[in-house]
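Below is one structure, written out as structure tokens; the observations come after it.
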Amino acid sequence: MVPSIARQSVIIKCNQQTSVLLGNYEFYYLAGLTKKLFGFDLSEDLEPVAMLEQIHAQQDTANPSNAQEEYLLKLVKNYKPLEDYNEQTKELFRWGETEEHLWKVNIS
């Protein structure tokens, strides 16, 4: 799995407001973004089901400031996590929580 592909996929989906999350790699990047953008109390050490439960428990406190943030929350609303959980999911979570290039697909 190439982490940048999962990152780009989430950004494209939020920018174009199409599609659904396709797996835990995208889900963990999204989870990191929700921590960054909305201050959700999340950790890379949460396993998929627990991560989703934590996000759902905090979604009502989120105040999205643009269409991408609104769609980000919509993406996770109906997501059903897979069992995949490894160092790459943790890496993608950290990338999301420290993202410096919000909504930009190509970065150098």
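Laid out as a table, the results:
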item: Whole-percent carbon and sulfur share, accessible surface of the chain, 1.4 Å; result: 47 percent
item: Angstrom value of the Kirkwood radius, inverse mean 1/r, which spans all Cα pairs in the stretch 1-42; result: 10.6 Å
item: Note, ³J(HN,Hα) from phi for the stretch 88-99, Karplus 6.51, -1.76, 1.60, rounded to Hz, x at Gly and Pro; result: 6, 5, 5, 4, 5, 4, 4, 4, x, 6, 10, 3
item: Links that overshoot a 19 Å alpha carbon limit, given the list LYS35/LYS77; LYS13/LYS90; LYS13/LYS74; result: LYS13/LYS90
item: Accessible area in square angstrom per residue, the stretch 69-108, 1.4 angstrom probe; result: 67 Å²
item: Prolate/oblate/rounded call for the chain, Cα gyration tensor, a/c under 1.5 rounded; result: rounded
item: Pairwise FRET efficiency - ASP60 versus GLN88, Cβ, R0 = 30 Å, nearest 0.05; result: 0.50
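The values are calculated or read from the model by the stated rules, or taken from the named source; none is laboratory data. If you're wondering where the values come from, they're calculated on a predicted model, not measured in any experiment. Please note: Cβ atoms are built from the backbone with ideal geometry, for glycine as well, and neighbour counts cover all protein chains shown. Remember, those area values only see protein heavy atoms, side chains included, never the ligands or the DNA or RNA. Shrake-Rupley method; radii C 1.70, N 1.55, O 1.52, S 1.80 Å.
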